[in-house]
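These notes concern the structure reproduced below.
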Amino acid sequence: MDKLIVEGGRPLVGETRISGAKNSALPVLIASLLSGQPLRVGNIPHLRDITTTLELLGRLGVQLSLNDRMTVEADASQVVDLCAPYDLVKTMRASILVLGPLLARFGEARVSMPGGCAIGSRPVDLHLKGFAAMGAEVSVTDGYIEARAARLQGCRIALDQPSVTGTENLMMAATLAAGETVIDNAAREPEVVDLARCLNAMGARISGAGESRITVSGVPRLGGADHRVIADRIEAGTYLVAGAITGGDVRVRDVDPALLGAVLAKLRDAGAEVDSGGDWVRVRGGGRLGAVNVQTAPFPGFPTDMQAQFLMLNCIADGTATVTESVFENRFMHVEELRRMGASIRMNGNTATVRGVARLSGAPVMATDLRASACLALAGLVADSQTVIDRIYHIDRGYHCIEEKLAGLGARIRRVTASQWRRETERKAA
Ligand code: EPZ
């Protein structure tokens with residue numbers, strides 16, 4: 001397994017382009033299943049989860065072509081299989097998103113139950129309850145969700161929680177249902193809005209995306225479209241935190257600052273200097289940052305996908321702060337790893353109390369989930385010695401070439417294979 005080797009102590013300076021959003025590209029690519037006409041999707045990020053999604057769509061019979069500018073054309077006119085198998089779903093939970101489109105267009109779907117993951121049990125009961133409310137027969141047999149419906153019926157669905165993929169799955173299904181569907185307590189994330197924009201370009205009739213009530217008027221069929229996914233606000237936030245904690249000066253480009261409202265407010269509270277324009281944000285770190293309290297919440301609240309990065313910021317900030325994770329039940333796997341680097345963190349249920357220390361020390365650490373892994377790379381940037389991050393396949397799921405982008409900003413970071421690292425350490429020991 002590859003490792004990331006990070007030498008700390010350098011301020012990050014420069015600018016980097018933000019890639020397309022993973023959590024927008026996944027549902028948008030899967031939306032191709034709703035139509036017999038080709039869907040062309042631009043600004044697709046080069047990530048493991050995208051590769052997995054394309055593999056899954058290919059297995060279902062979607063004809064895929066990818067050009068050198070990472071534009072994918074997906075043609076679902078010849079879908080031959082309605083089953084998302086366990087071996088793919090277990091590597092990417094978001095595969096559950098094929099359920100709504102397959103059910104809506106073909107009247108049936110068989111999708112492996114996505115397991116839990118490091119950050120929580122990740123149930124899909126709200127997805128299944130919504131499909132049942134639309135008239136589907138839904139059962140779980142031998143670890144697979146089986147759903148059937150001659151034609152889905154529009155109805156009113158009130159989500160117990162504003163589930164992002166739950167909203168996306170039901171919204172996609174509703175585009176081809178008979179009549180009108182209203183989704184209350186819908187997720188308001190920008191990725192939901194981006195998906196709705198793509199679906200409407202395909203001929204759907206969706207209104208209210210981005211608000212808590214989404215209304216969908218079913219249509220007989222959808223056509224093709226050209227769509228460009230929005231930038232990844234979490235990738236952008238991660239690099240901005242890197243600039244702030246290293247006392248550097250980082251600009252991220254091709255991103256809408258409005259998608260980062262809560263994150264930029266927290267960076268300002270911490271004492272970083274934040275400027276922004278139409279499609280860029282610049283953060284200057286200056287002196288030691290001040291500790292900031294954080295509580296995650298559904299959009300437009302502070303994003304749970306930025307929680308680990310800000311917990312790390314607090315590890316070296318001046319003062320003590322609390323970080324409360326309100327979305328997932330187990331999203332503090334990074335705490336033990338940060339403690340190995342000298343962080344002072346006390347846990348009490350879903351709240352971490354972090355007392356800032358002057359500096360962290362490098363250490364061998366292990367990535368556990370996508371965003372926790374990124375926070376360990378950030379920690380390495382401010383440690384006073386070498387950090388070796390293992391199991392970085394987690395990082396590759398959501399960050400395109402993180403080491404290249406960070407090195408482009410002046411970080412001393414490199415990727416090595418396990419055998420390269422073994423040889424290096426043996427040479428040093430000799
Ligand atoms: C999406 O996950 C994102 N993934 C996650 O990003 C993100 O952290 C999360 O939304 C919250 O913003 C994708 O979009 C592919 P939820 P999702 O359903 O949809 C509970 C990353 O780092 N819930 O909004 O799975 C659930 O347990 C990933 O890129 C139910 O109880 O999250 C959680 O507590 C990690 N029943 C809460 O709702 C359900 O049927 C929010 O989960 C569904 C969810």
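The values are calculated or read from the model by the stated rules, or taken from the named source; none is laboratory data. Just so it is clear, the structure is predicted and the values come from calculations on it, not from any experiment. Don't worry about glycine lacking a Cβ; one is built from the backbone with ideal geometry, like all the others, and counts go over all protein chains shown. Areas reflect the complete protein model, heavy atoms only, side chains present, ligands, DNA and RNA absent. Shrake-Rupley method; radii C 1.70, N 1.55, O 1.52, S 1.80 Å.
Values as computed for the structure displayed
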quantity: Per-selection Kirkwood Rh - segment 242-331 (Cα, Å, 1 d.p.); calculated: 13.3 Å
quantity: Rg/Rg_globular for segment 325-430, with Rg_globular taken as 2.2 N^0.38 Å and Rg from C-alpha atoms; calculated: 1.14
quantity: Whole-percent carbon and sulfur share, accessible surface of segment 321-430, 1.4 Å; calculated: 48 percent
quantity: Dimensions in Å of segment 21-169 - Rg and Dmax from alpha carbons; calculated: 14.7, 43
quantity: Derived scalar couplings ³J(HN,Hα) [segment 63-69; Karplus, 6.51 cos²θ - 1.76 cosθ + 1.60; whole Hz; x for Gly, Pro]; calculated: 7, 10, 9, 10, 9, 6, 9
quantity: Extended-chain gain in nm, criterion 0.36 nm per residue less alpha-carbon gap, Asp142 and Leu66; calculated: 23.8 nm
quantity: Calculated log₁₀ intensity ratio I(q)/I(0) where the Debye formula runs over C-alpha points of segment 165-282, q = 0.20 Å⁻¹; calculated: -0.98
quantity: Two-site FRET efficiency, Arg17 against Ser419, from Cβ-Cβ distance with R₀ of 41 Å, rounded to 0.05; calculated: 0.80
quantity: Å² of accessible area per residue within the chain, as computed with a 1.4 Å probe and no ligands counted; calculated: 38 Å²
quantity: Distance between modelled label sites at Ala429 and Asn348, nm, 7 Å Cα→Cβ extension; calculated: 4.4 nm
quantity: By average C-beta atoms within 10 angstrom, highest first, the peptides 40-52, 65-77; calculated: 40-52, 65-77
quantity: In Å, descending, principal axis extents of the Cα set of the chain; calculated: 65, 45, 40
quantity: Contour excess over end-to-end distance, with Cα ends at Gln37 and Ala118 and 0.36 nm allotted per residue; calculated: 25.4 nm
quantity: Alpha-carbon gyration tensor eigenvalues x 5, square-rooted, for segment 11-72, Å; calculated: 26, 11, 10
quantity: Stokes-Einstein D (µm²/s) once Rh is taken as the Kirkwood radius of segment 282-356 over alpha-carbon pairs, at 25 °C in 0.890 mPa s; calculated: 196 µm²/s
quantity: Distance cut-off 22 Å, percentage of C-alpha pairs in segment 35-117 lying past it; calculated: 23 percent
quantity: Evaluated over segment 150-228, the Cα radius of gyration and Dmax, each in Å; calculated: 11.4, 33
quantity: Accessible carbon and sulfur surface of segment 211-301 relative to its total accessible area, %, 1.4 Å; calculated: 44 percent
